[in-house]
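The block underneath contains the structure these notes are about, expressed in C-alpha coordinates.
The values are calculated or read from the model by the stated rules, or taken from the named source; none is laboratory data. Please read all numbers here as calculations on a predicted model, not as lab measurements. As a convention, Cβ positions derive from the backbone with ideal geometry for all residues, glycine included, and neighbour counts pool all protein chains shown. Accessible surface areas use protein heavy atoms only, side chains included; no ligands, DNA or RNA. Shrake-Rupley method; radii C 1.70, N 1.55, O 1.52, S 1.80 Å.
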Amino acid sequence: MPTDRAAPTLTPARFPLRRALVVSRPALWVNTVGTLVTGVWLTGRLSTVDAGVLALLAYLTLPFNLLIYGLNDLWDQEEDARSSRKGGWQGARLQVQEAAPLLRATLWWNLPALAALSILLPPAATLLLLASALLFAAYSLPPLRLKARPFLDGLSNVAYALPLALPALALGSPVPWWPLLALMSYSVGKHAFDAAQDIPADRAAGTRTVATTLGARGTAAYALTWFILASALLLPASKLTALALLLTCGGMALRLLLRPTPEQAARLYPLSIVTPWIVGAVAGVQLVYLLARGQWTGF
(Lines give C-alpha, C1' and ligand atoms only; values in the text may rest on other atoms or scores of the structure.)
Protein backbone atom coordinates (compact mmCIF):
# COMPACT_ATOMS: atom_id res chain seq x y z
CA MET A 1 0.00 0.00 0.00
CA PRO A 2 1.37 3.41 -0.92
CA THR A 3 2.38 5.72 1.88
CA ASP A 4 2.01 9.48 2.10
CA ARG A 5 5.61 10.63 2.26
CA ALA A 6 4.58 14.23 2.85
CA ALA A 7 2.84 13.45 6.11
CA PRO A 8 4.81 14.70 9.14
CA THR A 9 4.79 13.18 12.59
CA LEU A 10 1.89 14.83 14.38
CA THR A 11 0.64 15.28 17.87
CA PRO A 12 -3.16 15.24 18.28
CA ALA A 13 -3.23 18.97 19.04
CA ARG A 14 -1.59 20.44 15.96
CA PHE A 15 -2.10 20.51 12.22
CA PRO A 16 0.76 22.30 10.44
CA LEU A 17 0.12 24.87 7.73
CA ARG A 18 2.26 22.86 5.30
CA ARG A 19 -0.01 19.86 5.83
CA ALA A 20 -3.13 22.01 5.48
CA LEU A 21 -1.83 23.14 2.10
CA VAL A 22 -1.41 19.52 0.97
CA VAL A 23 -4.94 18.64 2.07
CA SER A 24 -6.38 21.71 0.29
CA ARG A 25 -4.92 20.54 -3.07
CA PRO A 26 -3.47 23.79 -4.48
CA ALA A 27 -3.50 22.31 -7.98
CA LEU A 28 -7.31 22.51 -7.82
CA TRP A 29 -7.63 26.05 -6.45
CA VAL A 30 -8.31 27.19 -10.01
CA ASN A 31 -11.79 25.70 -9.59
CA THR A 32 -12.62 28.28 -6.92
CA VAL A 33 -10.27 31.21 -7.47
CA GLY A 34 -10.51 31.04 -11.25
CA THR A 35 -14.29 30.89 -11.10
CA LEU A 36 -14.43 34.00 -8.92
CA VAL A 37 -12.01 35.94 -11.16
CA THR A 38 -14.07 34.95 -14.19
CA GLY A 39 -17.14 36.20 -12.37
CA VAL A 40 -15.45 39.58 -11.86
CA TRP A 41 -14.63 39.66 -15.58
CA LEU A 42 -18.25 38.95 -16.45
CA THR A 43 -19.43 41.97 -14.49
CA GLY A 44 -17.41 44.19 -16.82
CA ARG A 45 -15.82 45.78 -13.75
CA LEU A 46 -12.44 44.09 -13.68
CA SER A 47 -10.69 47.28 -12.58
CA THR A 48 -13.01 47.77 -9.61
CA VAL A 49 -11.30 47.41 -6.23
CA ASP A 50 -13.95 46.15 -3.81
CA ALA A 51 -13.12 45.02 -0.27
CA GLY A 52 -15.72 42.26 -0.34
CA VAL A 53 -14.49 40.81 -3.63
CA LEU A 54 -10.85 40.94 -2.49
CA ALA A 55 -11.80 39.20 0.76
CA LEU A 56 -13.66 36.56 -1.25
CA LEU A 57 -10.58 36.03 -3.42
CA ALA A 58 -8.47 35.37 -0.31
CA TYR A 59 -11.09 33.10 1.23
CA LEU A 60 -11.46 30.94 -1.88
CA THR A 61 -7.79 29.91 -1.68
CA LEU A 62 -6.71 27.83 1.34
CA PRO A 63 -9.73 28.20 3.68
CA PHE A 64 -12.49 27.23 1.25
CA ASN A 65 -10.48 24.44 -0.37
CA LEU A 66 -9.63 23.08 3.07
CA LEU A 67 -13.37 22.95 3.71
CA ILE A 68 -13.99 21.14 0.43
CA TYR A 69 -11.17 18.61 0.58
CA GLY A 70 -10.46 18.42 4.30
CA LEU A 71 -13.96 17.23 5.12
CA ASN A 72 -13.86 14.92 2.12
CA ASP A 73 -10.58 13.35 3.24
CA LEU A 74 -11.82 12.95 6.80
CA TRP A 75 -14.79 10.83 5.75
CA ASP A 76 -13.05 9.04 2.85
CA GLN A 77 -10.13 7.53 4.70
CA GLU A 78 -11.12 3.95 3.84
CA GLU A 79 -11.46 4.70 0.12
CA ASP A 80 -8.30 6.82 0.08
CA ALA A 81 -6.29 4.02 1.68
CA ARG A 82 -7.08 1.91 -1.41
CA SER A 83 -6.50 4.69 -3.94
CA SER A 84 -3.09 4.77 -5.59
CA ARG A 85 -3.52 8.44 -6.56
CA LYS A 86 -3.75 9.68 -2.98
CA GLY A 87 -0.67 10.70 -1.05
CA GLY A 88 0.53 13.36 -3.50
CA TRP A 89 -0.69 16.33 -5.51
CA GLN A 90 -4.06 14.62 -6.11
CA GLY A 91 -4.89 14.54 -2.42
CA ALA A 92 -3.58 13.61 1.00
CA ARG A 93 -3.74 10.21 2.64
CA LEU A 94 -4.51 11.01 6.25
CA GLN A 95 -2.95 9.42 9.31
CA VAL A 96 -5.36 8.31 12.03
CA GLN A 97 -4.07 10.95 14.46
CA GLU A 98 -4.66 13.74 11.93
CA ALA A 99 -8.45 13.52 11.98
CA ALA A 100 -9.25 15.70 15.00
CA PRO A 101 -6.55 18.35 14.27
CA LEU A 102 -7.71 18.58 10.65
CA LEU A 103 -11.33 19.07 11.67
CA ARG A 104 -10.34 21.81 14.13
CA ALA A 105 -8.12 23.49 11.52
CA THR A 106 -10.93 23.42 8.97
CA LEU A 107 -13.33 25.08 11.42
CA TRP A 108 -10.75 27.69 12.48
CA TRP A 109 -9.90 28.61 8.90
CA ASN A 110 -13.54 28.85 7.80
CA LEU A 111 -15.94 29.98 10.53
CA PRO A 112 -14.23 33.33 11.36
CA ALA A 113 -13.73 34.02 7.64
CA LEU A 114 -17.37 33.37 6.85
CA ALA A 115 -18.43 35.61 9.72
CA ALA A 116 -16.22 38.44 8.43
CA LEU A 117 -17.47 38.01 4.88
CA SER A 118 -21.07 38.22 6.07
CA ILE A 119 -20.25 41.76 7.22
CA LEU A 120 -18.41 42.78 4.03
CA LEU A 121 -20.84 41.28 1.50
CA PRO A 122 -24.45 42.08 0.65
CA PRO A 123 -26.97 39.54 2.05
CA ALA A 124 -27.57 37.85 -1.32
CA ALA A 125 -23.84 37.22 -1.84
CA THR A 126 -23.48 35.96 1.73
CA LEU A 127 -26.38 33.52 1.30
CA LEU A 128 -24.96 32.19 -1.97
CA LEU A 129 -21.52 31.69 -0.42
CA LEU A 130 -23.07 29.86 2.54
CA ALA A 131 -25.12 27.71 0.16
CA SER A 132 -21.94 26.67 -1.64
CA ALA A 133 -20.16 25.87 1.64
CA LEU A 134 -23.14 23.87 2.93
CA LEU A 135 -23.37 21.87 -0.29
CA PHE A 136 -19.71 20.94 -0.02
CA ALA A 137 -20.18 19.95 3.63
CA ALA A 138 -23.27 17.91 2.77
CA TYR A 139 -21.29 16.15 0.03
CA SER A 140 -18.89 14.67 2.56
CA LEU A 141 -20.58 14.66 5.96
CA PRO A 142 -23.23 12.34 7.36
CA PRO A 143 -26.18 12.10 7.66
CA LEU A 144 -26.64 13.44 4.10
CA ARG A 145 -23.22 12.43 2.72
CA LEU A 146 -24.26 13.14 -0.84
CA LYS A 147 -21.06 11.56 -2.12
CA ALA A 148 -22.57 8.15 -1.37
CA ARG A 149 -25.91 8.97 -3.06
CA PRO A 150 -25.65 8.25 -6.80
CA PHE A 151 -26.54 11.20 -9.06
CA LEU A 152 -27.02 13.51 -6.07
CA ASP A 153 -23.24 13.27 -5.66
CA GLY A 154 -22.63 14.94 -9.00
CA LEU A 155 -25.59 17.32 -8.87
CA SER A 156 -24.31 18.70 -5.57
CA ASN A 157 -21.14 19.72 -7.39
CA VAL A 158 -22.97 22.72 -8.83
CA ALA A 159 -21.47 24.27 -5.68
CA TYR A 160 -18.29 24.76 -7.71
CA ALA A 161 -20.18 27.05 -10.10
CA LEU A 162 -21.81 29.32 -7.52
CA PRO A 163 -18.74 31.57 -6.95
CA LEU A 164 -19.18 32.73 -10.55
CA ALA A 165 -22.23 34.72 -9.43
CA LEU A 166 -20.67 36.13 -6.25
CA PRO A 167 -18.98 39.18 -7.85
CA ALA A 168 -22.22 40.16 -9.57
CA LEU A 169 -24.12 39.98 -6.29
CA ALA A 170 -21.32 41.77 -4.42
CA LEU A 171 -21.07 44.60 -6.98
CA GLY A 172 -24.74 44.95 -7.83
CA SER A 173 -24.34 43.72 -11.40
CA PRO A 174 -26.61 41.35 -13.38
CA VAL A 175 -26.00 37.66 -12.71
CA PRO A 176 -24.36 36.00 -15.78
CA TRP A 177 -26.99 33.27 -16.10
CA TRP A 178 -25.80 31.51 -19.26
CA PRO A 179 -22.18 31.07 -18.09
CA LEU A 180 -23.46 30.11 -14.62
CA LEU A 181 -25.75 27.38 -15.98
CA ALA A 182 -22.97 26.20 -18.30
CA LEU A 183 -20.52 25.94 -15.42
CA MET A 184 -23.08 24.03 -13.35
CA SER A 185 -23.48 21.51 -16.16
CA TYR A 186 -19.72 21.25 -16.60
CA SER A 187 -19.30 20.63 -12.85
CA VAL A 188 -21.78 17.75 -12.86
CA GLY A 189 -20.11 16.16 -15.87
CA LYS A 190 -16.60 16.63 -14.50
CA HIS A 191 -17.54 15.05 -11.18
CA ALA A 192 -18.82 11.95 -12.95
CA PHE A 193 -15.79 11.75 -15.23
CA ASP A 194 -13.33 12.11 -12.34
CA ALA A 195 -15.19 9.48 -10.29
CA ALA A 196 -14.73 6.82 -12.97
CA GLN A 197 -11.11 6.20 -11.98
CA ASP A 198 -12.20 5.48 -8.39
CA ILE A 199 -14.71 2.77 -9.25
CA PRO A 200 -12.58 -0.13 -7.89
CA ALA A 201 -11.69 1.66 -4.63
CA ASP A 202 -15.24 2.90 -4.05
CA ARG A 203 -16.76 -0.51 -4.73
CA ALA A 204 -14.27 -2.16 -2.38
CA ALA A 205 -15.22 0.32 0.33
CA GLY A 206 -18.93 -0.14 -0.32
CA THR A 207 -19.40 3.49 -1.43
CA ARG A 208 -22.12 3.97 -4.04
CA THR A 209 -21.48 6.80 -6.52
CA VAL A 210 -22.75 7.75 -9.93
CA ALA A 211 -19.68 5.98 -11.36
CA THR A 212 -20.12 2.73 -9.43
CA THR A 213 -23.78 2.74 -10.43
CA LEU A 214 -23.29 3.38 -14.15
CA GLY A 215 -19.93 1.68 -14.62
CA ALA A 216 -17.12 3.21 -16.66
CA ARG A 217 -18.96 3.17 -20.00
CA GLY A 218 -22.20 4.58 -18.61
CA THR A 219 -20.28 7.22 -16.66
CA ALA A 220 -18.45 8.32 -19.80
CA ALA A 221 -21.74 8.71 -21.67
CA TYR A 222 -23.31 10.53 -18.72
CA ALA A 223 -20.37 12.95 -18.46
CA LEU A 224 -20.37 13.52 -22.23
CA THR A 225 -24.06 14.47 -22.10
CA TRP A 226 -23.39 17.12 -19.44
CA PHE A 227 -20.39 18.48 -21.35
CA ILE A 228 -22.48 18.84 -24.51
CA LEU A 229 -25.17 20.65 -22.51
CA ALA A 230 -22.55 22.94 -20.97
CA SER A 231 -21.21 23.80 -24.42
CA ALA A 232 -24.71 24.56 -25.69
CA LEU A 233 -25.42 26.82 -22.72
CA LEU A 234 -22.20 28.74 -23.41
CA LEU A 235 -23.12 29.49 -27.02
CA PRO A 236 -25.06 32.70 -26.25
CA ALA A 237 -22.06 34.02 -24.33
CA SER A 238 -19.11 32.85 -26.44
CA LYS A 239 -19.13 30.44 -29.35
CA LEU A 240 -15.34 30.04 -29.22
CA THR A 241 -15.38 29.16 -25.51
CA ALA A 242 -18.23 26.73 -26.09
CA LEU A 243 -16.18 25.04 -28.81
CA ALA A 244 -13.12 24.84 -26.55
CA LEU A 245 -15.18 23.17 -23.82
CA LEU A 246 -16.70 20.70 -26.25
CA LEU A 247 -13.36 19.76 -27.79
CA THR A 248 -11.47 19.34 -24.51
CA CYS A 249 -14.08 17.95 -22.12
CA GLY A 250 -16.24 16.27 -24.72
CA GLY A 251 -13.12 14.82 -26.31
CA MET A 252 -11.81 13.25 -23.11
CA ALA A 253 -15.26 11.84 -22.28
CA LEU A 254 -15.45 10.34 -25.78
CA ARG A 255 -12.02 8.75 -25.33
CA LEU A 256 -13.22 7.14 -22.11
CA LEU A 257 -16.39 5.98 -23.84
CA LEU A 258 -14.29 4.26 -26.52
CA ARG A 259 -12.11 2.59 -23.88
CA PRO A 260 -14.27 2.46 -20.74
CA THR A 261 -11.97 1.35 -17.93
CA PRO A 262 -10.96 2.97 -14.63
CA GLU A 263 -7.36 2.78 -15.80
CA GLN A 264 -8.16 4.85 -18.89
CA ALA A 265 -10.04 7.35 -16.69
CA ALA A 266 -6.95 7.64 -14.49
CA ARG A 267 -4.74 8.28 -17.53
CA LEU A 268 -7.11 11.01 -18.70
CA TYR A 269 -7.43 12.59 -15.25
CA PRO A 270 -4.50 15.03 -15.71
CA LEU A 271 -6.33 16.39 -18.78
CA SER A 272 -9.45 16.76 -16.66
CA ILE A 273 -7.42 18.79 -14.15
CA VAL A 274 -6.23 21.27 -16.79
CA THR A 275 -9.53 21.67 -18.67
CA PRO A 276 -10.49 24.72 -16.55
CA TRP A 277 -7.17 26.30 -17.51
CA ILE A 278 -7.65 25.56 -21.21
CA VAL A 279 -11.26 26.73 -21.43
CA GLY A 280 -10.54 29.65 -19.10
CA ALA A 281 -7.61 30.74 -21.25
CA VAL A 282 -9.77 30.77 -24.37
CA ALA A 283 -12.41 32.85 -22.58
CA GLY A 284 -9.77 35.09 -21.01
CA VAL A 285 -8.10 35.96 -24.30
CA GLN A 286 -11.45 37.07 -25.72
CA LEU A 287 -12.31 39.10 -22.64
CA VAL A 288 -8.94 40.86 -22.54
CA TYR A 289 -9.25 41.65 -26.25
CA LEU A 290 -12.69 43.18 -25.79
CA LEU A 291 -11.59 45.07 -22.68
CA ALA A 292 -8.62 46.49 -24.55
CA ARG A 293 -10.93 47.72 -27.30
CA GLY A 294 -13.41 49.11 -24.79
CA GLN A 295 -16.17 46.84 -26.10
CA TRP A 296 -16.76 44.71 -23.01
CA THR A 297 -19.83 45.47 -20.94
CA GLY A 298 -20.46 42.04 -19.47
CA PHE A 299 -23.04 39.41 -20.40
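Here the Karplus curve 6.51 cos²θ - 1.76 cosθ + 1.60, taken at θ = phi - 60°, turns the phi angles of the stretch 113-123 into couplings of 5, 5, 5, 5, 5, 5, 7, 7, 9, x, x Hz, with x standing for Gly and Pro. The string of couplings for the stretch 186-191 from the Karplus curve (6.51, -1.76, 1.60, θ = phi - 60°) is 4, 5, 5, x, 5, 4 Hz, one whole number per residue in order, with x for Gly and Pro. Subtracting the Cα-Cα distance of Val30 and Leu134 from their residue separation scaled by 0.36 nm leaves 35.4 nm. From helices alone, the chain scores -20500 deg cm²/dmol at 222 nm; the rule is -39500 (n - 2.57) for each run of n ≥ 4 DSSP H residues, then divide by the residue total.
Length gained on full extension, Leu17 to Leu141, computed as 0.36 nm times the residue gap minus the Cα-Cα distance: 42.3 nm. Around Asp50, which amide H atoms from residues at least 5 apart in sequence, or from another chain, sit under 5 Å from its own amide H, with H modelled in the peptide plane? Answer set, sorted by chain and number: none. A 1.4 Å probe run over the protein chains yields, for the chain, 44 Å² of accessible area per residue, whole-number rounding.
Along the stretch 172-179 the Karplus relation, 6.51 cos²θ - 1.76 cosθ + 1.60 evaluated at θ = phi - 60°, assigns HN-Hα couplings of x, 9, x, 6, x, 5, 5, x Hz to successive residues, with x for each Gly and Pro.
Surface composition of the chain: carbon plus sulfur atoms hold 70% of the accessible area, using a 1.4 angstrom probe and ignoring ligands, DNA and RNA. Loop exposure criterion: trypsin sites (Lys or Arg not before Pro), DSSP state outside H, G, I, E and B, at most 10 other Cβ atoms within 10 Å. Applied to the chain, the longest stretch between such sites is 6-292. One chain, two ends: Leu111 and Ile278. Fully extended at 0.36 nm per residue, the span grows by 56.8 nm beyond their Cα-Cα distance. Shape class of the chain from the Cα gyration tensor (axes a ≥ b ≥ c, square roots of the eigenvalues): oblate, since a/c reaches 1.5 or more and a/b does not exceed b/c.
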